[in-house]
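Before any comments, here is the structure.
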Amino acid sequence: MEKENKKETLSCIICTDESQKLEFLPCCGKPDGDILYCRKCLEKLVNEKNEGKCIICKNMFKLEGEKIVKNVKKGKCASCCQWRDLKGGELCDPCMVGKQNPLWYICNCCGGRQKIPHPMYRYFRPTYQGTSGSTWYCHGKCNTWKTWKLAPKELGKIPYSEWPTKFWGCKDGEKIMEQFKQMKLSDK
């Protein structure tokens, strides 16, 4: 997974050194890409077990001599109970997203509201007003796994980049898209 430094413009993404042999990670990198690292910086990213985390996507990698390999831990996610690749300890990638941005949902069976630390909206098709194709445990009257709807006013909390389609069944899709752009500009 090494790339010879053939172009002067290629440099390590961390230290910007152009004189070193550059390598790419198995997650975000590719042989002809520009997300490249020098070995010195890769060695700074790893722990005593030679395990590190990509600075772009946070996927784990491991240095094994001259090789760079994926370092994926598989297991049962502590939040959604699915068997998946685990990130950040005991959570899968969707639950990591949901933990950072938990939203309110409405149970399709009992109508109870519940804050869910998983991006259930990823399973809504064809609109945000649909029902999740996936289940989550209802802690209300149901006390079992049920499907969910997004609670009103939660749509604005979902990053536009996570919408499966441009307007996702929203009448005011262009207006909401403009609001997201304004919010991003004000964050800078």
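For residues in the range 25-68 being over 30 Å from residue 117 (Cα atoms) and in contact (Cβ under 8 Å) with a residue 40 or more places away in the chain, which is surrounded by the most Cβ atoms within 10 Å (Cβ to Cβ)?
Taking the range 25-68 and keeping what is over 30 Å from residue 117 (Cα atoms), we get 30-44, 48-50, 63-68.
With the extra rule that they be in contact (Cβ under 8 Å) with a residue 40 or more places away in the chain, the set shrinks to 66-68.
Values: 66: 9, 67: 11, 68: 23.
By that ranking, first place goes to 68.
Tell me which of these residue 134 doesn't satisfy, since it passes every other one: (1) assigned by TED's automatic domain parsing to the domain that holds residue 23; (2) of a type in the set (Ser, Thr, Tyr); (3) touching a helix residue (DSSP H, G or I) at 6+ places or on another chain (Cβ under 7 Å).
Answer for residue 134: the failing condition is (1).
Given the residues 158, 106, 176, which is the only one that is β-branched (Val, Ile, Thr) and at pLDDT 90 or above?
106
Every residue, every condition in (1) surrounded by 15 or more Cβ atoms within 10 Å (Cβ to Cβ); (2) over 21 Å from the mean Cα position of the chain (by Cα); (3) part of a loop (DSSP other than H, G, I, E, B), yes or no:
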{"site": "115", "(1), (2), (3)": "no, no, no"}
{"site": "122", "(1), (2), (3)": "yes, no, no"}
{"site": "129", "(1), (2), (3)": "no, yes, yes"}
{"site": "134", "(1), (2), (3)": "yes, no, yes"}
{"site": "149", "(1), (2), (3)": "yes, yes, no"}
{"site": "153", "(1), (2), (3)": "no, yes, yes"}
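If only one of 181, 171 is modelled with pLDDT under 90 and outside any loop (DSSP other than H, G, I, E, B), which one is it?
On the way: 171 fails: outside any loop (DSSP other than H, G, I, E, B).
Going through 181, 171 in turn, the sole match is 181.
May I ask you to list the residues in the range 105-143 that are of a type in the set (Lys, Arg) and within 23 Å of residue 162 (Cβ to Cβ)? Before you say what the answer is, go through the steps one by one.
Here is the first cut: in the range 105-143, the residues of a type in the set (Lys, Arg) are 113, 115, 122, 125, 141.
Selection gives 113, 115, 122, 125.
Tally time: how many residues in the range 83-100 are in a loop (DSSP other than H, G, I, E, B) and either in the same structural domain as residue 57 (by TED's automatic domain parsing) or surrounded by 13 or more Cβ atoms within 10 Å (Cβ to Cβ) (or both)? Talk me through it step by step, then tell me what you get.
Narrowing the range 83-100 to residues in a loop (DSSP other than H, G, I, E, B): 88-90.
Then drop every residue that is not either in the same structural domain as residue 57 (by TED's automatic domain parsing) or surrounded by 13 or more Cβ atoms within 10 Å (Cβ to Cβ) (or both), which leaves 88, 90.
The number of residues fulfilling the criteria is 2.
Exactly one condition in (1) within 14 Å of the chain's Cα centre (by Cα); (2) in contact (Cβ under 8 Å) with a residue 24 or more places away in the chain; (3) closer than 30 Å to residue 51 by Cα is not met by residue 158; state its number.
(3)
So, in the range 119-155, of the ones that are of a type in the set (Lys, Arg) and more than 20 Å from residue 78 (Cα to Cα), which residue ends up modelled with the lowest pLDDT? Show your work before the answer.
Applying the first criterion (of a type in the set (Lys, Arg)) to the range 119-155 yields 122, 125, 141, 146, 149, 153.
Of the ones still in play, those that are also more than 20 Å from residue 78 (Cα to Cα) are 125, 141, 149, 153.
Numbers: 125: 68, 141: 93, 149: 92, 153: 85.
Among them, the one singled out is 125.
The values are calculated or read from the model by the stated rules, or taken from the named source; none is laboratory data. This structure is a prediction, so every number in the text was calculated from the model and none was measured. Quick reminder, even Gly has a Cβ in these numbers, built from the backbone with ideal geometry, and neighbours come from all protein chains shown.
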